[in-house]
Amino acid sequence: QVQLVESGGGLVQPGGSLRLSCAASGSSRSIYSMGWYRQAPGKQRESVASIISEPYINYADSVKGRFTISRDNAKNTVYLQMNSLKPEDTAVYYCTARTTTADRYWGQGTQVTVSS
């Protein structure tokens, strides 16, 4: 089992920045990849970014050039640096991890609201 705990969400003005963190515990040594999804009201959950290790990183087209995902294996933590935020980035952001046995785990989610 892997437990994921997100932090760093909040309210920010358009053009602002936020940094999300997700700490993994439990069977964290079995984690193969980590990433972030988001779900806006009335919309399906969508992938934002994922990382296995540098340079194996993927971003959704909508966040390329604005968001940066990184991973600190020593701390079992993945980060999402979000710059130039837009109102359409408003959503609940979920951390996810996939293990070497193809199991997927989710965090509880953290709210990001971009509004003036």
message: From the phi angles alone, apply the Karplus equation (6.51, -1.76, 1.60; θ = phi - 60°) to region 66-83 and give each ³J(HN,Hα) in whole Hz, x where the residue is Gly or Pro.
response: 10, 10, 9, 9, 8, 9, 10, 5, 5, 9, 6, 10, 10, 10, 9, 8, 10, 10
query: Pulled fully out, how much extra length does the chain show between R19 and S84, if you take 0.36 nm times their separation in residues and subtract their Cα-Cα distance?
result: 22.2 nm
- request: Treat every Asp and Glu Cβ in the chain as -1 and every Lys and Arg Cβ as +1, leave all other atoms uncharged, and give the resulting dipole magnitude about the Cα centre to the nearest 20 debye.
  value: 60
- line: Taking Lys and Arg as +1 and Asp and Glu as -1, residues besides R104 with C-beta under 14 Å from its C-beta add up to +1
field: Nearest-10 value in Å² for the accessible area of V114, using the 1.4 Å probe
entry: 10
- line: Extension length gain for Y32 and A102 (0.36 nm per residue less Cα distance), in nm, is 24.3 nm
message: Show me, for region 92-108, the HN-Hα J-couplings you get by feeding each phi into the Karplus relation (A = 6.51, B = -1.76, C = 1.60, θ = phi - 60°), rounded to Hz, glycine and proline as x.
response: 8, 9, 10, 7, 9, 9, 10, 8, 5, 9, 6, 6, 10, 10, 10, x, 7
- prompt: Between I57 and S115, what FRET efficiency follows from the Cβ-Cβ distance if R0 is 30 Å, with the result rounded to 0.05?
  reply: 0.55
message: Using the Karplus curve 6.51 cos²θ - 1.76 cosθ + 1.60 with θ = phi - 60°, what ³J(HN,Hα) values do you get for each residue of region 2-9, in whole Hz, with x for Gly and Pro?
response: 10, 10, 10, 10, 8, 7, x, x
Part-to-part distance (alpha-carbon centres) for region 1-37 and region 46-109, which is given in Å: 7
message: What is the percent carbon and sulfur in the accessible area of region 44-116, measuring with a 1.4 Å probe over the protein chains and ignoring ligands?
response: 45
- request: Provide R38, R29 ordered by accessible surface of protein heavy atoms (probe 1.4 Å), highest first.
  value: R29, R38
Residues of the chain: accessible area per residue with a 1.4 Å probe, Å²: 54
field: Ranked order, L11, L80 - accessible area, probe 1.4 Å, largest first
entry: L11, L80
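The values are calculated or read from the model by the stated rules, or taken from the named source; none is laboratory data. Because the structure is predicted, anything quoted here is derived from the model rather than measured. Reconstructed Cβ throughout: ideal geometry from the backbone, glycine too, with neighbour counts over all protein chains shown. These accessible areas exclude ligands, DNA and RNA; they are computed on the full protein's heavy atoms, side chains included. Shrake-Rupley method; radii C 1.70, N 1.55, O 1.52, S 1.80 Å.
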